[in-house]
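First up is the structure itself, then whatever we jot down about it.
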Amino acid sequence: MSTTSETTSPPSLLRRIVTHWVVRLLLTAGAFVLLIIPLGLAGFLLAPGIDPLILQEVAGTVAAFGAIALVTRFVERRRMADVGMGLRGLPGQWGRGFALGAGFMAACVVALALLGGYRVTAVSLAVGPLLSGLLLHLGVGLFEEGLFRGILFRLLEEGLGSWAALAITAALFGAAHLANPQATAWGAAAIAIEAGVLLGAAYMATRSLWFVAGLHTAWNFFQGPVFGFNISGSGMTTDSLLTPAIQGPELLTGGVFGIEASLIAVLLGLALGVWFAARAALSGRTARALLWRGGVNRTL
């Protein structure tokens, strides 16, 4: 992928400034903050009967995608489709990501069960909690992917190159989970290694935010509401389809943090992330660093 700037006519000084990748990153972050505050307040005031966590994720999703749309349209002068976030093909891309996330989490649980660390003790077919969990984690997937891949990774990639952006956003993604009430340093590191690398590399290879949002949604939904694990040390207590008995060393089961802190998930997630990264490199979907240079990369 080359790093070209607009060539139709010499840009003005103001245009060169506002289209620099650092300025666009700051503008997008600022727009996100300005949007999420009133959206969050409006949600709590206008829909008091809805789960506050769901309202929070909806506000975050609208703010993240709104900020991306504003900067993409009015600063970069492009369509959302030009940055891999168009509506065309959304259901299929999201569905493929969801299928991969479900398969990944199922593989982790099956491996743990084969090693004697997971056993189903009861099955609950309560539809309400499952639908509520799916809705919540749909919002989580869209919000966090809009923030970490749609804003941070995409703009850092233009400035610093694909590999630096992948390393930085993976580390930030893991660190963000340290705020969870049952977080551990190892759990945050595990998320950075397995999920941060995997989600960033999958975005590089597919250039579809919908794909990684679907993967993220299924990852959380199957981990918690389906298989009954704690999610990222969040301490969320929700009914799950399967009630498990989890036993064995924490390095195998993930302990109180959840299966994301299991060595099984770390190794499988990292392997899948490396595969996506190699696919991105071989297909020419990686970017060299602009560093101090300005302009908008229009080649993806």
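Overview of values
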{"quantity": "The range 230-300 and the range 158-222: distance between their alpha carbon centers, rounded to Å", "calculated": "5"}
{"quantity": "Cα-projected label distance for Trp292 with Val120, points at 7 Å along beta-carbon direction, nm", "calculated": "6.1"}
{"quantity": "Full-extension gain in nm, Leu263 to Val22, via 0.36 nm per residue minus C-alpha separation", "calculated": "83.1 nm"}
{"quantity": "Per-residue HN-Hα couplings for the range 87-98 [Karplus 6.51, -1.76, 1.60; θ = phi - 60°; Hz; x = Gly/Pro]", "calculated": "7, 5, x, 4, x, x, 5, 4, x, 5, x, 4"}
{"quantity": "Only Lys, Arg (+1) and Asp, Glu (-1) charged, at Cβ; the range 5-124 dipole about Cα centre in debye", "calculated": "380"}
{"quantity": "Furthest towards positive pole of dipole, Ile37, Phe211, Met236, structure part the chain, Cβ charges", "calculated": "Phe211"}
{"quantity": "Per-q log10 I(q)/I(0), the range 87-282, q = 0.10, 0.13 Å⁻¹ (Debye; single scatterer per alpha-carbon; no solvent)", "calculated": "-0.38, -0.64"}
{"quantity": "Long-range HN-HN contacts of Arg78 with modeled amide H, under 5 Å", "calculated": "Arg73"}
{"quantity": "Cβ-based exposure ranking for Arg15, Arg293, Arg149, in which fewest neighbours within 10 Å come first", "calculated": "Arg293, Arg15, Arg149"}
{"quantity": "Pair Ala171, Ile37: separation of 7 Å Cα→Cβ label points (nm)", "calculated": "3.0"}
{"quantity": "Using θ = phi - 60° and Karplus 6.51 cos²θ - 1.76 cosθ + 1.60, couplings along the range 130-135 (whole Hz; Gly, Pro as x)", "calculated": "5, 5, 4, x, 5, 5"}
{"quantity": "Theoretical ellipticity at 222 nm over the chain - DSSP helices of four or more residues, -39500 (n - 2.57) apiece, nearest 500", "calculated": "-19000 deg cm²/dmol"}
{"quantity": "Extension gain, Leu14 back to Val256 (0.36 nm per residue minus Cα-Cα distance, nm)", "calculated": "81.9 nm"}
{"quantity": "Choice from Asn230, Asn220, Asn180 with maximal GNM fluctuation in the chain (Cα, 10 Å cutoff)", "calculated": "Asn180"}
{"quantity": "Stretchable slack from Ala278 to Ala29, in nm (0.36 nm times residue separation minus alpha-carbon distance)", "calculated": "86.7 nm"}
{"quantity": "Per-residue HN-Hα couplings for the range 212-223 [Karplus 6.51, -1.76, 1.60; θ = phi - 60°; Hz; x = Gly/Pro]", "calculated": "6, 5, x, 4, 5, 4, 5, 3, 6, 5, 6, 5"}
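Readers should treat all values here as calculations from the given coordinates under stated rules, not as data from a laboratory. Please read these numbers as outputs of a predicted model, since none were measured by experiment. All Cβ positions, even for glycine, are placed from backbone atoms using ideal geometry, and neighbour counts span all protein chains on display.
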